[in-house]
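**Student:** Below are the structure tokens for one structure; questions will follow.
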Amino acid sequence: MTDPAPILLRGSTDPTVFHDAVWDRVFNHRRDTSRVPLAFCAARTVADVVAAVEFAKTRGCRVSVRSGGHSWAAWSVRHEALLLDLADLDRDPGPRIEYDELTKVVSCSPSVTGQELNDFLIAVDGGTGRLGWACESITAIEVVTADSQKLHCSETSNPDLIWAARGAGPGFPAIVTRFHLLTRPLTQIYQSLYFFPLSAFRTILQWEIDLAPTADPDTEIVGVTSHFPIPSHSGPLLLANFTTFKPCLSAAEAALSPIHASLPVPPLLALFCQPSSLADQYAQQTAANPAAHRYCSDNVYLANHLSDIPARLEAVFAGLPTPKSAALWFSMNPVSRRAFGGRDMALSLQSDHYVALYAVWEAEAEDDKCRGWVRGVMEGLERDSVGSYLGDADFEVRRTRFWSEEAGAKLKEVRRVWDPEGRVCGFLDRGDGGGVEGLANEFEWGGE
Ligand SMILES: Cc1cc2nc3c(=O)[nH]c(=O)nc-3n(C[C@H](O)[C@H](O)[C@H](O)COP(=O)(O)OP(=O)(O)OC[C@H]3O[C@@H](n4cnc5c(N)ncnc54)[C@H](O)[C@@H]3O)c2cc1C
């Protein structure tokens, strides 16, 4: 029997202890400390989650939830709410992660990171590959509702909550206490990396755009500018990155050779079909997104019909505000042509071209420059977009579309049904006033 987790009240907890509890697990070091929660609880059991929701009901306050702490805009920290941190949920006693050999379903606590999960799966010989959207793998969830009820949700029981879990993001109107996820056979990973001077930007990006529709479907195609540590080069470079998920080297070579053979200009540096791994991919991610830095991100899905995407992006991708910043074009094609695998889920908006900016810096003095870069670029691109991906967005800064019209309307309805009082903090929009209604799912200029 585990002792109930304490609920720390702001007014009766040492201010430093309270501040650290609130902010220590937030990845982004650019923090709006004017948002001060009323209380904090590090839940260890589902009973703690239920007790926290009961506490919030009694006090008439909202509950905000934190799992990994990785939302760029620190959505978990909300003014006058009870912050429910799930880092220790099912940790001791466990199990944080369980794998069912028969069904190939892994269940885990929501604060288990992708890296932790993949390490576990590699050890038990489960795994992942290029599979489309991660949320498509959710087979079931355990939740505590805004009314403090424990529920199991699947395609057949409470299906509207499973529908919302696949794409509502921070608008999910309950608290997930466990995910059940379908795994796939583990593949090998190989990568071709080509580094170019920015003078080749238009040629190379157009080449990547043109080859995406007919390239091997297990291969991710990315164009990214940043300051890469390439010997004898300083300043930003363009990296054309092809990552393929295949069972063996010969299959990877078959996927990557036609790309290599069609290079339109010689790169400064070429690394063809190098063996990689999930651990290696996480190491690359950690290098690109170091801890203890300040971040600002935003993104657009550029419309498929645009013919001159490289020309539109050239100045943007060359104009990085700091050496650690990056601008990314990610080919969604052919995933974008699968129509979400025919699945009806909240996630419902995409295009062939995902364009995201990640400003990365350390000194507060650079906040305005870095945030201004992201904001300015988005103002220039958003009218050519069909909307944005909410995981890299900040609803306080910019209003846009995140779902199809139909899914956006259904999400509002699901939120009204499951959390009519707005107990669970939803989307952090301007003034944090969206409440039960949530986001408008409209372009900013739509209401001009
Ligand atoms: C370094 C870095 C790399 C990233 N890379 C990618 C990437 O490759 N692809 C991608 O798609 N995104 C990426 N992101 C964005 C990130 O994955 C998303 O913001 C994601 O939502 C973070 O999950 P979290 O549990 O850490 O969020 P938290 O910050 O813990 O929570 C964010 C919000 O999600 C909701 N929430 C969290 N847990 C629960 C729960 N258990 N029940 C109900 N609601 C909950 C709450 O509203 C909460 O406020 C990256 C972010 C970082 C910092």
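**Student:** To the nearest 20 debye, what is the magnitude of the charge dipole of the chain about its Cα centre, counting +1 on the Cβ of each Lys and Arg and -1 on the Cβ of each Asp and Glu? Please list the in-between numbers first.
**Tutor:** On the way: 40 positive and 57 negative charges, 42 e Å.
Dipole about the Cα centre, nearest 20: 200 debye.
**Student:** What residues have an amide H closer than 5 Å to that of residue 269, excluding those fewer than 5 places away on the same chain, when H is modeled at 1.01 Å from N in the peptide plane?
**Tutor:** Counting only residues 5 or more places away or on other chains, the set is 195.
**Student:** Quick one: which residues, 5+ away or cross-chain, put their amide H under 5 Å from the amide H of residue 139? H built at 1.01 Å from N.
**Tutor:** 180, 181, 182
**Student:** While we're here: Tally Lys/Arg at +1 and Asp/Glu at -1 over every other residue whose Cβ is under 14 Å from the Cβ of residue 40; what's the total?
**Tutor:** +1
**Student:** Let me have the 222 nm mean residue ellipticity of the chain computed from DSSP H runs of 4+ only, each contributing -39500 (n - 2.57), with the sum over all residues rounded to the nearest 500.
**Tutor:** On the way: 10 runs with 115 residues, N = 448.
It comes out at -8000 deg cm²/dmol, rounded to the nearest 500.
**Student:** A further question follows. Using Cα atoms only, what is the angle between the long axis of helix 46-59 and the major principal axis of the chain, expressed in degrees (0 to 90) to the nearest 10?
**Tutor:** 70 degrees
**Student:** Which percent of the Cα-Cα distances in the stretch 188-392 go past 26 Å?
**Tutor:** That fraction is 34 percent.
**Student:** In degrees, nearest 10, range 0 to 90: what is the angle between the Cα axis of helix 367-381 and the longest Cα principal axis of the chain?
**Tutor:** Helix 367-381 sits at roughly 70 degrees to that axis.
**Student:** If you rank 22, 105 by how much accessible surface each has, with a 1.4 Å probe, what is the order from largest down?
**Tutor:** Values: 22 5, 105 30 Å².
If we order 22, 105 from most to least accessible, we get 105, 22.
**Student:** Let me ask you something else. With axes computed from alpha carbons, what is the tilt in degrees of helix 278-288 against the longest principal axis of the chain, rounded to the nearest 10 within 0 to 90?
**Tutor:** For helix 278-288, the angle is close to 90 degrees.
**Student:** In a Gaussian network model over the chain where Cα atoms closer than 10 Å are linked, find which of 81, 327, 311 has the largest mean-square fluctuation.
**Tutor:** In the Gaussian network model the winner is 311.
**Student:** Classify the stretch 100-226: rounded, prolate or oblate, from the alpha-carbon gyration tensor (a ≥ b ≥ c, eigenvalue square roots; a/c under 1.5 rounded; otherwise prolate if a/b is larger than b/c)?
**Tutor:** Taking the square roots of the gyration eigenvalues as a ≥ b ≥ c, the stretch 100-226 is prolate.
**Student:** Within a Cβ distance under 12 Å of residue 430, other residues only, what is the Lys/Arg minus Asp/Glu net charge?
**Tutor:** Cβ neighbours under 12 Å give a net charge of -3.
**Student:** Still on this model: For the stretch 20-130, what proportion of DSSP beta bridges, expressed in % and rounded to the nearest 5, is antiparallel? Each step should come with its number before you reach the end.
**Tutor:** On the way: 4 of 12 bridges.
Looking only at bridges with both residues in the stretch 20-130, the antiparallel portion is about 35 percent.
**Student:** Let me ask something else. Which order, highest average first, do 23-29, 158-164 follow once you tally other Cβ atoms within 10 Å for each residue and take the mean per peptide?
**Tutor:** The most tightly packed comes first, giving 158-164, 23-29.
**Student:** Could you identify which residue out of 370, 41, 248 has the top mean-square fluctuation in a GNM of the chain using Cα springs shorter than 10 Å?
**Tutor:** 248
**Student:** Continuing with this model, one more query. Please provide three numbers in whole Å: the alpha-carbon extents of the stretch 352-396 along the principal axes, with the largest listed first.
**Tutor:** Largest to smallest, the principal-axis extents are 35, 20, 19 Å.
**Student:** Specify the residue with the greatest mean-square fluctuation among 423, 338, 31, computed from a Gaussian network of the chain linking alpha-carbon atoms under 10 Å apart.
**Tutor:** In this elastic network of the chain, the residue with the biggest mean-square fluctuation among 423, 338, 31 is 338.
**Student:** Assuming a ≥ b ≥ c are the square roots of the Cα gyration tensor eigenvalues, decide whether the chain counts as rounded (a/c under 1.5), prolate (otherwise, with a/b larger than b/c) or oblate. Kindly include the intermediate steps, with their values, before the conclusion.
**Tutor:** On the way: a/c = 1.69, a/b = 1.44, b/c = 1.17.
The shape class here is prolate.
**Student:** Here's something else I'd like to know. What whole-number volume per residue, in cubic angstrom, does the convex hull of the C-alpha atoms of the stretch 7-85 give?
**Tutor:** Dividing the Cα hull volume of the stretch 7-85 by its residue count gives 82 Å³.
**Student:** Still on this structure, I have one more. Only residues of the stretch 34-64 count here: report those whose backbone N is under 18 Å from the spot 7 Å along Cα→Cβ of residue 3, or say none.
**Tutor:** From the stretch 34-64, the list is 40-49, 51-52.
**Student:** Add +1 for every Lys or Arg and -1 for every Asp or Glu among the other residues with Cβ under 15 Å from the Cβ of residue 257, and state the total.
**Tutor:** With Lys, Arg at +1 and Asp, Glu at -1, the net is -2.
**Student:** Return the subset of 57/104; 150/410; 324/410; 104/150 for which the Cα-Cα distance in this structure is over 28 Å, preserving the input order.
**Tutor:** 57/104; 324/410
**Student:** Decide, for the stretch 60-137, between rounded, prolate and oblate: order the square roots of the alpha carbon gyration tensor eigenvalues as a ≥ b ≥ c, take rounded if a/c falls under 1.5, and otherwise choose prolate if a/b is larger than b/c, else oblate.
**Tutor:** Details: a/c = 2.74, a/b = 1.82, b/c = 1.51.
Note, shape of the stretch 60-137 comes out prolate.
**Student:** For a label point 7 Å from the Cα of residue 442 along Cα→C-beta, name the residues of the stretch 401-428 whose backbone N is under 13 Å from it.
**Tutor:** 401
The values are calculated or read from the model by the stated rules, or taken from the named source; none is laboratory data. Because the structure is a prediction, the values reported are computed rather than measured. Glycine also receives a Cβ, built like all others from the backbone with ideal geometry; neighbour counts cover every protein chain displayed. Surface areas here come from the heavy atoms of the whole protein model, side chains and all, with no ligands, DNA or RNA. Shrake-Rupley method; radii C 1.70, N 1.55, O 1.52, S 1.80 Å.
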